[in-house]
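A.B. asks: Dumping the structure here so I can ask a few things about it.
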Amino acid sequence: MSKKSIFYTVFFTLLTIGFYLGLKVIIPGYADERFQVLNTVRPFSFVNQDGKQVSERDVEGKVYVAEYFFTTCNGICPILNNNMKRVYEKFKDEPDFVILSHTCDPETDSVARLKVYADSLGAQAPKWQFLTGRKDSLYQSARVSYLLDDPNNNMQKMEDQFLHTQFFALVDRSGQVRKKIYDGLKKNEIRELEKDIATLLKEPPTRKRFMNDLFINN
């Protein structure tokens, strides 16, 4: 190989590396597979434990964790929400962090029932919001936005579906599901989730959320 060829090979290699590193500095988390974008949250509208309407605009610019549970669950849900309470306590004074806990049994979980449940955990809105609404809308968000649905539900009519998942989704300031789906029953994954929340809170938004949502829904 000639000296000229070697020079150009080295030059373009360094140029590529410099460009890659530059993007990583300008956009925190860029090209970091540990924080890859898994999905984009679609617009939603539900009601919280205080009877207030909550939509994607209420979490614009915030980092949040999404989960699904139901108040009469005596199995995994108490464990999940005790673990979520740990996350809540750690970040309850952080103005740009929120938890959205969606019921998967809206026929039972009325606003009043969610209020009693939230109070039992010492959870205060808007930091930790317990949401109810139409079953199809709740399940659509689980499936299409947060990637938390059970694939077996796709084989059943909506009235026969039931969502029972132990997983949490982490959403960044731009409404993007990031990194992975966390197992809410595992202490090591809760610790990982807490570290990842702290990391995403340091990131600025990387996209104009609602402008992109307009294109998504057209």
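A.B. asks: Answer yes or no as to whether Val65 is touching a helix residue (DSSP H, G or I) at 6+ places or on another chain (Cβ under 6 Å), hydrophobic (A, V, I, L, M, F, W, C) and under 19 Å from Arg191 (Cα atoms).
C.D. replies: The answer is no for Val65.
A.B. asks: Quick check on my filter: what residues within the stretch 66-105 are aliphatic (A, V, I, L, M) and in a strand (DSSP E or B)?
C.D. replies: Scanning the stretch 66-105 gives Ala66, Val98, Ile99, Leu100.
A.B. asks: Okay, next question. Cβ-Cβ distance below 9 Å, separation of 6 or more or different chains: which pairs start in the stretch 174-193 with a residue that is within 29 Å of Arg57 (Cβ to Cβ) and end on one that is of a type in the set (Phe, Trp, Tyr) and assigned to a helix (DSSP H, G or I)?
C.D. replies: Listed by first residue and then by second, the contacts come to Gly175/Phe210; Arg178/Phe35; Lys179/Phe35.
A.B. asks: So which residues in the stretch 109-131 are surrounded by 21 or more Cβ atoms within 10 Å (Cβ to Cβ) and of a type in the set (S, T, N, Q), if there are any at all?
C.D. replies: Answer for the stretch 109-131, where residues must be surrounded by 21 or more Cβ atoms within 10 Å (Cβ to Cβ) and of a type in the set (S, T, N, Q): just Gln129.
Residue-wise test of (1) of a type in the set (Phe, Trp, Tyr); (2) surrounded by fewer than 16 Cβ atoms within 10 Å (Cβ to Cβ).
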| residue | (1), (2) |
| --- | --- |
| Val41 | no, no |
| Phe46 | yes, no |
| Val54 | no, no |
| Gly61 | no, yes |
| Tyr64 | yes, no |
| Tyr68 | yes, no |
| Thr71 | no, no |
| Ile76 | no, yes |
| Asn83 | no, no |
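A.B. asks: Any residue in the stretch 155-169 that is in the same structural domain as Tyr88 (by TED's automatic domain parsing), modelled with pLDDT under 95, among the polar types (S, T, N, Q) and loosely packed, with under 13 Cβ neighbours inside 10 Å?
C.D. replies: Yes, there is a match, as at least one residue in the stretch 155-169 is in the same structural domain as Tyr88 (by TED's automatic domain parsing), modelled with pLDDT under 95, among the polar types (S, T, N, Q) and loosely packed, with under 13 Cβ neighbours inside 10 Å.
The values are calculated or read from the model by the stated rules, or taken from the named source; none is laboratory data. A quick note: this is a predicted structure, and the numbers were derived from the prediction, not measured. Heads up, the Cβs are rebuilt from the backbone with ideal geometry, glycines too, and the neighbour counts pull from every protein chain shown.
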